[in-house]
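Comments concern the structure below.
Every number here is computed from the coordinates shown, using simple stated rules; none is lab data. What you see is a predicted model; the values in this text were computed from it and never measured. Cβ sites come from the backbone with ideal geometry, for glycine too, and all protein chains shown count toward neighbours.
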Amino acid sequence: MGGTGLDLRVAATTAVAVVIEFGGAELIVGDDDGRQVSGGFVVGLPLTATRIRTRHAECVEVRLSPIQAHALLGVAATDLGQGVVPLDELWGSQVQRLRERLAAARSWEERFALTTSFLAQRDRPTRTLDPEVIAAWHHILASGGQVKVGELAESLGWSRKRLWARFESQIGLTPKRAAMLVRFRCAVVGLLAGRPAADVAAVCGYTDQAHLSRDMAIFADRTPGALHAGNLPVIALERYRAWGTFFQSPGRPIGR
């Protein structure tokens, strides 16, 4: 994202977002009052829509799966919480040097390469989650969120209580909430493709259209009818398209 002002309401997502600002402007993140953040921020797996504003948006955004985030950020999902963590609290002066290099870069390709290199240097393969938690996360994704927690736990050889506790401590959400988010993102893709809300509800595992509407209100603060390509700004459409390739290219920086 670069060169223009920004006032964007971002729906809940299944990715941990890292936003690195390099233009010197403050980002205001949160509710209408907002929290001013300089230099960028990380946000875990929020359960509600987040508003992001700035007078001049110049930044690179990276989306990480919770599994990647654990290895790259050096903090557990529970430590990130569902709010905003300024980047300097995670990376100190190192992120300032990255911001300077991003500002001096001549192209987005160069900025992406700089960001990818920066993150690669912070990758610690020894920071691993339980194999059962990783398997549960991938199963929830593969099923489109249409999974029963009890059956999932049984398939992993764990009790429902153990899966619930370990998953929440390492991913940052309960398995049930994670499944709700995955179903929601499935619905977003369908609605933006212009499919009728009733068809989207059926395909994505909702009991009915009213069930879909309730989740849309929770995660996006919008109705299904309002979540249509013609009603969204260009930057929002670009972010949704990038999310559509998230599972094929996890951890790839995006920008404009």
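So for each of 143-156, 115-128, 44-57 I average, over its residues, the number of other beta carbons within 10 Å; can you give me the resulting order with the highest mean first?
Per-residue Cβ counts within 10 Å, averaged per peptide and sorted highest first, yield 44-57, 143-156, 115-128.
Work out the charge dipole of segment 61-183 with +1 on the Cβ of Lys and Arg and -1 on the Cβ of Asp and Glu about the Cα centre, then indicate which of G145, G92, A104 is farthest towards its positive end.
Going by the Cα projections, it comes out as G145.
For segment 31-160, what is Rg from Cα atoms divided by 2.2 N^0.38 Å, rounded to two decimals?
Ratio of Cα Rg to 2.2 N^0.38 Å: 1.26.
Which is farthest toward the positive dipole end of segment 156-196 among G194, G157, I171, measuring Cα position about the Cα centre, with Cβ charges +1 (Lys, Arg) and -1 (Asp, Glu)?
G157
Beta carbons within 10 angstrom, averaged per residue: use that to sort the peptides 183-192, 101-110, highest first.
Result, highest mean Cβ count within 10 Å first: 183-192, 101-110.
Sorted by mean Cβ packing within 10 Å, highest first, what order do the peptides 14-22, 208-216 take?
My ranking of the peptides, most packed first, is 14-22, 208-216.
What net charge do the residues around S143 carry, taking every other residue with its C-beta under 11 Å from that of S143, with Lys and Arg at +1 and Asp and Glu at -1?
+1
Rounded to the nearest 20 Debye, what is the dipole magnitude of segment 100-188 about its Cα centre when Lys and Arg each give +1 and Asp and Glu each give -1 at the C-beta?
260
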